Every structure is written in structure tokens, then in C-alpha cells.
Amino acid sequence: MVVNLEFIRAIITAEEVLLLDPLRQEVLPFVEQLRQLLLHKSSSNHGSNQLIAQDHGMQSPTAGKWLPVPDAADGLQAELPFEFQVLEIALEVVCTYLDSSVAELERDAYPVLDELARNVSTKNLERVRSLKSNLTRLLAQVQRVRDEIEHLLDDDEDMAQLYLTRKWIQNQQSEALMGAMASNGIVPTAPHLRRLSSARSGSLVSNYLNDNDVEDLEMLLEAYFMQLDGTRNKILSVREYIDDTEDYVNIQLDNQRNELIQLQLTLTIASFAIAVETMMAGWFGMNIPCSLYNIHGIFELTVGIMTAVCVSLFVLVLGYARWKKLLGS
């Protein structure tokens, strides 16, 4: 069995585990739990001495004698065989790592997004950009592991192929059965399974060696599939909050742009009114003889009239712009 779960890359057999890069920081929890599992398995093997009997319907020189069961058959007494115990540890470590990463992402995301909503600045935008990069990376990791588990759950044949201990026991039993029959000159008509010394153990072996029985692995994968699905929902919730914050910021920026446009339009109207007054002042500033120049106090009156006309023009154009809803009320 080849396991490639993010940072955990290993080859698992019915008896051993080959781990790539075991000194990596993220892999150390997996190594520690795996060491505890192997120590527990070693102590269990040392303290137990399981025996197996030959089939009653088969006569051989060893009939009636007790034979030791191979070490790999110890998985019969455990809830899961060795390879699934290792797989469970790997899934647990990966899911724990992803959960902690998502929790850290949530802890950092909400304050950053709230700060961006209050103050749109280059620094806050850069922090949100980094946050979105981490979110995309985490979502891809969770989705990748989740898809692999879902693919296994959809195919019972693939799950059956992962029962390495069951295959190993079946091969050992087939070899022992063929060897015993060959020594007695018996041609087997159908394969038989050896029974354990007790009826209860024999029932366990029959159920365990059923090629179509993948319930244990299915329950294991479904549990971690649900956990990964919950982690994925947390990430999607954070991404939705980011999208809502970005929409809010865009609305704020649009509102500010509208205010700037309105200010620019107001200044343009004022510039137009002042330009009209400047034009009239230029007319009267020409060096052309005029009888109005001889009237006492005509300067103040002319300036007042020109200013009043320009102010009236400004108010008139501004009112027209408001009537056309070019300016806010």
C-alpha cells in the first residue's frame, strides 16, 4: 500500500512501514505514534502464543498437532489489521495538521478582514492577499485528501485490495494446504480455510478472510471523510467572509469615486462661472474709449453686477445638474 497524504509518504505492508523523510517537522507526530503502535504490537506478540489446528477433513503427518499462527495474523484479535492501524494514524495526523492550520487561518483572517473594512490601505490589502493565498493552498490540500478518500469509498474493489494482512494469511494458508495435500497425494477440489483452536476464533477468521468484507475500512474512511468535509466547510466559510468583505470594500471605493466625480463636476461648474466673469472683465479691460468710463462709481457697480451674474449662472447650472441627478442630494 502506497500512502501519499500531503507530507506523509510511506509504503505500508502487512508487517512493516517504509517512511520517506521521517525527520520532517510535520512527520514527527506520525513517527511518534507509529513507534508507540509498534511497541504495543511487539509486546502483544511477545505475551501471546496463538495456535492453529489442521482441518479435520484432511489427513497428514502433522494432523492433530498445533501449529503457531504467523505474526501477521495478530490483526485478527485487533479491531483493525496492521496496515489499517498505520493508515488511521496517517489520516489522523494529516487531519489534525489541516484542522490546526484552518484554525490558525480563521484566527488570523477575521481581524485582518475587519481592519480592511475599516481602513482600505496598501498594507491591509497586502495582508488580505497573503491570507487568500494561504486559504487557496489549504483548500487544495483538504480537497486533495478528501477526493482520494471519496474515490476509495466509491470502489469496493479498491478497498478490498488494501487488505494486505488478509491476502498474506490467504497466501500462507493456500501454501500450507497445498503442501499438506501434496505430501498425502490428495488433489484438492475446492480451497478450504484452516480453523483456529476455538470456535469463536474460527468465526473471526472466516469473517476476516471474506474478500467482500470491507466494512472496517469503509467505516474508517467515512469517519475521516466527514472530518475533512467539516474542515473544508470551515475554509469555504472563511472564503465567503473574504468575498463579502471584498464586496463591501468595492462598494466603499465606488462610493468614494462617486463623491470625487461629484466634487469634480461642482468645481467644473464653478470654473465655468468664473471664466464667464473673467471674459466680461476682459471686455471692459480693452483700451477702447467708452462713455461709461466717465461715470463716477461705475467700477463697483459693474463688478457687482458681473459677480451676481456669475453666481446666478453657477447656481443655475448646479441646480440643473442636481435635477438631472448628476449630483447627490
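The values are calculated or read from the model by the stated rules, or taken from the named source; none is laboratory data. Remember, predicted model here, so these are calculated numbers, not experimental data. Here the Cβ positions follow ideal geometry from the backbone for every residue, glycine too, while neighbour counts run over all protein chains shown.
Report, by residue number, each residue of segment 102-129 that is closer than 20 Å to Leu236 by Cα and of a type in the set (Val, Ile, Thr).
Once the filter is applied, which keeps residues that are closer than 20 Å to Leu236 by Cα and of a type in the set (Val, Ile, Thr), segment 102-129 yields Val102, Val112, Val128.
Name the residue, out of Thr266, Thr302, that is touching a residue at least 24 places away in the same chain (Cβ under 8 Å) and either of a type in the set (S, T, N, Q) or touching a His at 6+ places or on another chain (Cβ under 7 Å) (or both).
Thr266
Collect the residues in segment 129-180 that are among the small types (Gly, Ala, Ser) and within 20 Å of Gly230 (Cα to Cα), keeping them in residue-number order. Working first, answer last.
Residues of segment 129-180 that are among the small types (Gly, Ala, Ser), as a first pass: 130, 133, 140, 160, 174, 176, 179-180.
Selection gives Ala140 alone.
Report whether or not Leu28 is modelled with pLDDT of 85 or more, under 33 Å from the mean Cα position of the chain (by Cα) and surrounded by 12 or more Cβ atoms within 10 Å (Cβ to Cβ).
When the stated conditions are applied, Leu28 passes them.
Collect the residues in segment 254-280 that are farther than 16 Å from Phe314 by Cβ, of a type in the set (A, V, I, L, M, F, W, C) and surrounded by 11 or more Cβ atoms within 10 Å (Cβ to Cβ), keeping them in residue-number order.
Ile261
So which residues in segment 228-270 are farther than 14 Å from Val120 by Cβ and among the hydrophobic types (A, V, I, L, M, F, W, C)?
Leu228, Ile235, Leu236, Val238, Ile242, Leu260, Ile261, Leu263, Leu265, Leu267, Ile269, Ala270
Residue by residue, here is whether (1) of a type outside the set (A, V, I, L, M, F, W, C); (2) modelled with pLDDT of 90 or more holds:
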residue	(1), (2)
Leu51	no, no
Ser60	yes, no
Ala72	no, no
Leu105	no, yes
Val120	no, no
Arg129	yes, yes
Lys132	yes, yes
Thr136	yes, yes
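Between Phe299, Phe284, Phe314, which is surrounded by 11 or more Cβ atoms within 10 Å (Cβ to Cβ), within 60 Å of the chain's Cα centre (by Cα) and among the aromatic types (Phe, Trp, Tyr)?
Only one candidate passes the filter, namely Phe314.
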